[in-house]
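Handing you a structure now.
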Amino acid sequence: MEYDHEIVKIAKCECCGIWEECTVDYIHSVEEQFGGAWVCGLCSEAIKEEQRRLGVDLEVAMQLHAKFRETASIDPTMQIARSFLDLLKKMISSRKLIS
Ligand SMILES: [Zn+2]
């Protein structure tokens, strides 16, 4: 395979804001796929998954994903509290089963 544009540029993810060094070709192909926005590998996978799961447009899936990242970054303690609550619920329900 031959690359005509093996120029490396810094691309910023529209969803999580992470910076990545990518070839111009790669940046263009991602932008084409996501309507002019560049998203990192992790976010693009998450967006595609969301799109598949909900059967929505790519744009809607992108917005949903961005919103999710927003709330998660605003309050990380909420995430921890929630998983702790889930754990507690599991412990309580398993105890109920024993008694
Ligand atoms: Zn990202």
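Give the calculated FRET efficiency between THR23 and SER83 to the nearest 0.05, with a Förster radius of 41 Å applied to their Cβ-Cβ distance. All intermediate terms of the calculation are to be shown ahead of the outcome.
Values: r = 38 Å, r/R0 = 0.92.
Approximately 0.60, to the nearest 0.05.
Between GLU31 and PHE68, what's the calculated FRET efficiency when r is the beta-carbon distance and R0 is 25 Å? Round to 0.05.
Taking R0 as 25 Å, the efficiency between GLU31 and PHE68 is 0.70.
Moving on to the next point. Under 11 Å from the Cβ of ILE10, count the other residues' Cβ atoms, weight Lys and Arg +1, Asp and Glu -1, and hand me the total. Could you put the intermediate results ahead of the total?
Values: positive: LYS9, LYS12; negative: GLU20, GLU21.
Here the charged neighbours net out to 0.
For region 8-98, what is the convex hull (Cα atoms) projected area averaged across all directions, in square nanometres?
Taking the Cα atoms of region 8-98, their convex hull projects to 7.7 nm² on average.
A further question on this structure: Under the definition of Cα pairs under 8 Å and six or more residues apart, what whole-number percent is the relative contact order of region 8-98?
Normalised by residue count, the contact order of region 8-98 is 20 percent.
Something else about it: How would MET91, MET62 line up from fewest to most surrounding beta-carbon atoms within 10 angstrom?
MET91, MET62
To continue, here is another question. Beyond 29 Å between alpha-carbons counts as too far, so tell me which of LYS9/LYS48; LYS9/LYS67; LYS48/LYS89; LYS12/LYS89 fall in that bin.
Details: LYS9/LYS48 24 Å; LYS9/LYS67 27 Å; LYS48/LYS89 31 Å; LYS12/LYS89 39 Å.
With Cα atoms farther than 29 Å apart: LYS48/LYS89; LYS12/LYS89.
Hey, what do the phi angles of region 23-29 turn into as Karplus ³J(HN,Hα) couplings, whole Hz, using 6.51/-1.76/1.60 and θ = phi - 60°, x for Gly and Pro?
6, 4, 4, 5, 4, 4, 5
Counting Lys and Arg as +1 and Asp and Glu as -1, each charge on the Cβ, what is the dipole of region 8-98 about the Cα centre in debye, to the nearest 20?
880
Read-outs throughout are calculated quantities, based only on the coordinates presented, and are distinct from any laboratory measurement. All values reported here derive from a predicted model rather than from experimental measurement. With ideal geometry, Cβ positions are generated from the backbone for all residues, glycine too; neighbour counts draw on all protein chains shown.
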